[in-house]
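Notes for the one structure printed next.
The values are calculated or read from the model by the stated rules, or taken from the named source; none is laboratory data. Treat the numbers as computed from the prediction; the structure is a model and nothing was measured. Using ideal geometry, Cβ is built from the backbone for each residue, glycine included, and neighbour counts are taken over all protein chains shown. Please note that ligands, DNA and RNA were not included when accessible areas were found on the heavy atoms of the full protein model with its side chains. Shrake-Rupley method; radii C 1.70, N 1.55, O 1.52, S 1.80 Å.
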Amino acid sequence: MHKSIQEEIKVSYRHRIFFTRGSFMKDNLLLRDLMIEGAQNSPLPKKALFIIDENLASARPDLPSSIEQYCQAFHQEIELTSSPVLTPGGEAVKNSYPAITRIQELIEQNKICRHSYVIGVGGGALLDMVGLAAATAHRGVRHIRFPTTTLSQDDSGVGVKNGINAFGKKNFIGSFAPPFAVINDFDFIRTLPVRDKRAGYSEAVKVALIRDSDFFLELEKMADQLAVFNEEAMESLIHRCAALHVRHIATSGDPFEFGSARPLDFGHWAAHKLEQITQYAVRHGEAVAIGIALDVIYSRRMGYLQESDCNRILNLLESLGFELFHPGILDRNHNDEYTVLAGLEEFREHLGGILTITLIRGIGDGFEVNTMDQEVALQSMLELKERFGSESESARSGQNIEPSAQNSLNAKNAVSTLNS
Ligand SMILES: NC(=O)c1ccc[n+]([C@@H]2O[C@H](COP(=O)([O-])OP(=O)(O)OC[C@H]3O[C@@H](n4cnc5c(N)ncnc54)[C@H](O)[C@@H]3O)[C@@H](O)[C@H]2O)c1
Ligand SMILES: [Zn+2]
């Protein structure tokens, strides 16, 4: 007989997403009030270390000084430990471990303790990296996120995960660490390049498809406005999409994903692989749009989804401006296997347990399967090429899925760093 000691450890989190504008205007007390709330009766100002996405700072050169002036105005509550630190944004920052070490070094040098704040302001990639550094320094310091892209405001930034890529695998090193708070400031969306304004739409389509048919109808109604980046329509999409994500995290019973199922990763098994194949020239949200199109066609071919629903979904994605084919989807690896199909095993390994893929039976009706028919998946990939291939050939010479030279270059460098 074994002896054992067992206790239930219960920890509850309050996961808060605030929506605002002009976060660093002196009449906006949201950040100040949050920091006071965390002060736990201490009269001393709370230390804050700001890490800002460099591309955001280029688009908003006023931002670092606005932050400094804000902290100065509330110096009794907030102690800015150094000028805001600019850090490269985009996927490249997730491909490099030294970025984490640098933030940890700054946490140490600025004497950030478990009651101080690391505040990340930037896209989903930068926030994933900063979140991991904050979660690991001192075993976790308080972390406030300001997501500044559509995708990070409606999905990645409002979640409880962080991570970086390693060994050629997306999000291989990371943790579950709910942030102290998330502040979605819509003003940041204004300076985004068109591709990044659009990219976050696919996560909204995704969550509508698996959870909320009314939201899907709403997206169809707003599609023309969204296609031209009407701010009101974008705000409405971001708010509802964020709410659905947060609701899932809070009520699914598995916020830290101990099980094998991950419904919010609908359309993601192929997307993650496509991002890697294209060395991140295809943005996460763009890859998710293609991944959704693939899984929707697959669902139809398997007899789960009606043809009319399948076409409605593909039409919505197209009218939002997404390209639904990229040649990378038919890439073959050194064993002459289709790289995307071979990636299914990697996806299973990342989730753990048995392969669990979310498909849909109808709009708003996600369900799970544990096997994928590789032949049907291949036929679905070929159908994407047949239906959307020629359009995207011409679009690629334009702006839509144009490789980002800097991203590809950095990703290549990161691969060679990892290999060396
Ligand atoms: N943690 C999670 O749960 C989770 C979930 C989904 C996605 N993700 C991750 O999120 C990342 C994608 O995030 P993303 O779509 O925000 O892309 P991103 O972070 O790569 O940002 C896109 C580009 O916009 C720049 N930028 C950011 N804000 C700007 C602004 N306001 N004005 C001008 N430029 C700005 C960035 O520097 C970058 O070049 C991926 O790494 C993906 O894996 C994480
Ligand atoms: Zn995603």
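Please determine, in degrees from 0 to 90 and to the nearest 10, the orientation of helix 284-301 with respect to the longest principal axis defined by the Cα atoms of the chain, where the helix direction is its Cα long axis.
30
Given DSSP loops and a limit of at most 15 other Cβ atoms within 10 Å, what is the longest stretch of the chain that contains no such trypsin sites (Lys or Arg not before Pro)?
Answer from the scan: 115-420.
Near K161, which lysines are there with a Cα under 19 Å away, not counting those fewer than 8 places off in the same chain?
K94, K169, K170, K206
Identify the GluC sites (Glu not before Pro) of region 1-84 meeting these criteria: DSSP loop state and at most 15 other C-beta atoms within 10 Å of the C-beta.
Those satisfying the criteria are E7, E8.
Going by alpha carbons, how many degrees (0 to 90, nearest 10) lie between the helix axis of 268-277 and the longest principal axis of the chain?
80
Which shape class, rounded, prolate or oblate, goes with region 191-292 when its Cα gyration tensor gives a ≥ b ≥ c as root eigenvalues, a/c under 1.5 marks rounded, and past that a/b bigger than b/c marks prolate?
Judged from the Cα gyration tensor, region 191-292 comes out oblate (a/c at least 1.5, b/c at or above a/b).
If you take the square roots of the eigenvalues of the alpha-carbon gyration tensor of region 1-144 and sort them as a ≥ b ≥ c, do you get rounded (a/c under 1.5), prolate (a/b over b/c) or oblate?
Oblate, since a/c reaches 1.5 and b/c is not below a/b.
What is the percent carbon and sulfur in the accessible area of the chain, measuring with a 1.4 Å probe over the protein chains and ignoring ligands?
C and S atoms contribute 50 percent here.
Can you show me the helix-derived [θ] at 222 nm for the chain, built from DSSP H runs with n ≥ 4 at -39,500 (n - 2.57) apiece and divided by the number of residues, rounded to the nearest 500.
After summing the helix terms and dividing by the residues of the chain, the value is -15000 deg cm²/dmol.
Please list the equivalent ellipsoid semi-axes of the chain, computed as the square roots of five times the alpha-carbon gyration tensor eigenvalues, in descending order and whole angstrom.
35, 24, 22
List, in order, the whole-Hz ³J(HN,Hα) value for each residue of region 236-248 obtained from phi through the Karplus relation with A = 6.51, B = -1.76, C = 1.60 and θ = phi - 60°; use x for Gly and Pro.
The phi angles translate into 5, 4, 4, 4, 5, 5, 4, 4, 5, 5, 5, 4, 4 Hz.
Any chance you could give the angle, 0 to 90 degrees and rounded to 10, that helix 307-319 forms with the longest Cα principal axis of the chain?
For helix 307-319, the angle is close to 50 degrees.
Tell me the chymotrypsin sites (Phe, Trp or Tyr not before Pro) within region 112-177 that lie in a loop according to DSSP and have at most 10 other beta-carbon atoms within 10 Å.
F167
Just the accessible area per residue of the chain, please: how many Å² with a 1.4 Å probe?
Per residue, the chain has 44 Å² of solvent-accessible surface.
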